[in-house]
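Have a look at the structure below before the remarks.
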Ligand code: G16
């Protein structure tokens, strides 16, 4: 780093002093804290984004969001050149600069990193960062801090994409780096065309008439955030989609408060804006930045819901993809021995019944720790990798190899068996690869794929929900003095620290029929999470409560909820 660069950094960084007495950490998906203490972090991550852009010679994304957290929190996530999460190799650098105590230490850390990573400032290519934010009121001033950070790297430029969903920003970064059209309009057009293609390919017997479709509206809880707004815009250009958005950001409601995918999935109760009149209807919920999607059914006469979570979405997609592949595979055997490897990735939160269901379909199911960065990486190992967390984060990744194979098959069928079932299956898979966000889990595109698959199969949400019966489960969070004292292994299924805690958990778990339980430190909130599963809801509740007490005993006084 030359003197000029050093002095620019030394001049701008004193305007963003770090908060005193707080240790910031790059968690499950970036930094997340109370918005009032985040300016210095966002400024510094702006610097990191510019450096990452120089290093990769690509466009990088910086998203200001705290996703499912309460409205007073905010956060920052980085999108790497392929649209995925920031490379894990850069996370320690993010941690270190976020916690640098003064401008000189900050510049020293940057200098050191730049040297180690061999980041060259000599080339003419400027760094380029796309900026996005969700609807949080703190977003605008944090965006300014990000811009300051980016512009304190000489030659770096930022482009403000405005209020967007997190997956939209990731999609834009990926598209830009692939030399494709990358505006919001282009995003909507891609979804529109691929969604229509899937609808056009619905088997004749399942094509409904217009009257049926009118009764078949999906009701969507937008978490009082950006996702509902974007879905409303999309539904105006998509006449094949019947949707009613509730809890958009234009209403009175507060972001993620008693609404949204996280609330619905964890509490299993109705979000605000839904009531008894919705009993039996197909309902869905996004989270605050629209990277999570869950469906649910309103129970008649109750505030409880029947949750159709990320595991069920995954199962629906897996069945659909597997069916399409089996059609192509049969035809192709004589000419081509290639068989696309379909793989499933889940976390320990996946309901045990879903994992058994998927394994019984003969599918390869892998487990990773929580965090889309881990699931995404694993899913890339397959030709078609479907990953979902139970909380509704997920997508389907298509490898270059499988896409080339599908394109070849499409050409082959066009000449020998146009409009055959085989060609339709190929076209459906190609449409899925364009509809479903290849960069990151996306509630909007996920919803469109669910809607298309349900129409394809002719299934109601009830029928979909009956694929398997979830084992009763309970999630709790326990506030502790220091959540980092819990260290886990084996995809978070075992707590290796503090010593003895896993034995205590196991001693409780064996008392319950179909008992399964694990604990892990959250990467987005200051809590330890407890997950328990058992044969009945009472047993799952009791197991979760007894393990929460164990956490409390081992880790000091806190509160469970
Ligand atoms: C983020 C991650 C998810 C993860 C979630 C919960 O989601 O992107 O992969 O499942 O945090 O993390 P934790 O249990 O560590 O708090 P989001 O939607 O909040 O960005």
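The values are calculated or read from the model by the stated rules, or taken from the named source; none is laboratory data. This one's a predicted model, so the numbers in the text were calculated from it and none came from an experiment. Every residue, glycine as well, gets a Cβ built from its backbone with ideal geometry; the counts of neighbours run over all protein chains shown.
Of the residues 281, 230, 250, which is within 26 Å of residue 350 (Cα to Cα) and not assigned by TED's automatic domain parsing to the domain that holds residue 32? Talk me through it step by step, then tell me what you get.
Working: 230 fails: within 26 Å of residue 350 (Cα to Cα); 250 fails: within 26 Å of residue 350 (Cα to Cα).
Going through 281, 230, 250 in turn, the sole match is 281.
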State yes or no: is residue 468 in contact (Cβ under 8 Å) with a residue 60 or more places away in the chain, more than 16 Å from the ligand (Cβ to nearest atom) and part of a loop (DSSP other than H, G, I, E, B)?
yes
Residues in the stretch 371-405 that are assigned to a helix (DSSP H, G or I), surrounded by 19 or more Cβ atoms within 10 Å (Cβ to Cβ) and in contact with a helix residue (DSSP H, G or I) (Cβ under 7 Å, 6 or more places away or on another chain) total 1
Kindly evaluate residue 348 against the criterion of being farther than 23 Å from residue 437 by Cα, modelled with pLDDT of 95 or more, surrounded by 16 or more Cβ atoms within 10 Å (Cβ to Cβ) and in the same structural domain as residue 457 (by TED's automatic domain parsing).
yes
Looking at 82, 15, can you tell me which residue is more than 16 Å from the ligand (Cβ to nearest atom), surrounded by fewer than 24 Cβ atoms within 10 Å (Cβ to Cβ), under 16 Å from residue 372 (Cα atoms) and in contact (Cβ under 8 Å) with a residue 40 or more places away in the chain?
82
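Being under 30 Å from residue 289 (Cβ atoms), touching a strand residue (DSSP E or B) at 6+ places or on another chain (Cβ under 8 Å) and away from the ligand (no atom under 16 Å from the Cβ) narrows it down to one residue among 382, 349, 387; which is it?
Values: 349 fails: away from the ligand (no atom under 16 Å from the Cβ); 387 fails: away from the ligand (no atom under 16 Å from the Cβ).
Residue meeting the stated conditions: 382.
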Of all residues in the stretch 274-330, count the ones that are away from the ligand (no atom under 16 Å from the Cβ) and at positive phi.
2
Candidate set: the stretch 516-532, residues that are farther than 13 Å from residue 476 by Cβ and surrounded by 20 or more Cβ atoms within 10 Å (Cβ to Cβ); chosen: the one modelled with the highest pLDDT
521
Return yes or no: is residue 172 touching a helix residue (DSSP H, G or I) at 6+ places or on another chain (Cβ under 8 Å) and assigned to a strand (DSSP E or B)?
no
Between 115, 44, 133, 125, which is within 25 Å of the chain's Cα centre (by Cα), more than 16 Å from the ligand (Cβ to nearest atom) and either modelled with pLDDT of 95 or more or farther than 25 Å from residue 394 by Cα (or both)?
44
Since residue 368 meets every condition but one in (1) surrounded by fewer than 22 Cβ atoms within 10 Å (Cβ to Cβ); (2) farther than 30 Å from residue 259 by Cβ; (3) in contact (Cβ under 8 Å) with a residue 12 or more places away in the chain, which condition does it not meet?
(2)
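Condition check ((1) at pLDDT 95 or above; (2) within 16 Å of the ligand (Cβ to nearest atom); (3) outside the structural domain of residue 79 (by TED's automatic domain parsing); (4) under 29 Å from residue 234 (Cα atoms)) across all residues:
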{"residue": "363", "(1), (2), (3), (4)": "yes, no, yes, no"}
{"residue": "372", "(1), (2), (3), (4)": "no, yes, yes, yes"}
{"residue": "419", "(1), (2), (3), (4)": "no, no, yes, no"}
{"residue": "434", "(1), (2), (3), (4)": "yes, no, yes, yes"}
{"residue": "447", "(1), (2), (3), (4)": "yes, yes, yes, yes"}
Would you point out the residue of the stretch 484-505, among those that are surrounded by 13 or more Cβ atoms within 10 Å (Cβ to Cβ) and part of a helix (DSSP H, G or I), that is nearest to the chain's Cα centre (by Cα)?
485
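Restricting to the stretch 502-537, what's the tally of residues that are over 21 Å from residue 369 (Cβ atoms) and either free of Cβ contacts under 8 Å to residues at least 40 places away in the same chain or within 16 Å of the ligand (Cβ to nearest atom) (or both)? Show your work before the answer.
Of all residues in the stretch 502-537, those over 21 Å from residue 369 (Cβ atoms) come to 503-504, 507-508, 510-515, 534-537.
Now drop any that are not either free of Cβ contacts under 8 Å to residues at least 40 places away in the same chain or within 16 Å of the ligand (Cβ to nearest atom) (or both), which leaves 503, 507, 510-513, 515.
Selection size over the stretch 502-537: 7.
Residues are listed down the side, and each one gets a yes or a no for (1) touching a residue at least 12 places away in the same chain (Cβ under 8 Å); (2) part of a loop (DSSP other than H, G, I, E, B):
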site	(1), (2)
236	no, no
241	yes, yes
274	yes, yes
283	yes, no
288	yes, yes
Every listed condition ((1) surrounded by 15 or more Cβ atoms within 10 Å (Cβ to Cβ); (2) out of contact with any helix residue (DSSP H, G or I) (no Cβ under 6 Å at 6 or more places or on another chain); (3) in contact (Cβ under 8 Å) with a residue 60 or more places away in the chain) holds for residue 33 save (3)
Would you check if residue 479 is surrounded by fewer than 19 Cβ atoms within 10 Å (Cβ to Cβ) and within 22 Å of residue 66 (Cα to Cα)?
yes
Among the residues that make up the stretch 261-268, is at least one of them more than 14 Å from the ligand (Cβ to nearest atom), assigned to a loop (DSSP other than H, G, I, E, B) and in contact (Cβ under 8 Å) with a residue 24 or more places away in the chain?
yes
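Condition (residue is outside the structural domain of residue 373 (by TED's automatic domain parsing) and more than 25 Å from the chain's Cα centre (by Cα)) applied to the stretch 57-76: is it met by at least one residue? Before you say what the answer is, go through the steps one by one.
Filtering the stretch 57-76 down to residues outside the structural domain of residue 373 (by TED's automatic domain parsing) leaves 57-76.
From the residues that got through so far, the ones that are more than 25 Å from the chain's Cα centre (by Cα) too are 57.
Yes, there is a match, as at least one residue in the stretch 57-76 is outside the structural domain of residue 373 (by TED's automatic domain parsing) and more than 25 Å from the chain's Cα centre (by Cα).
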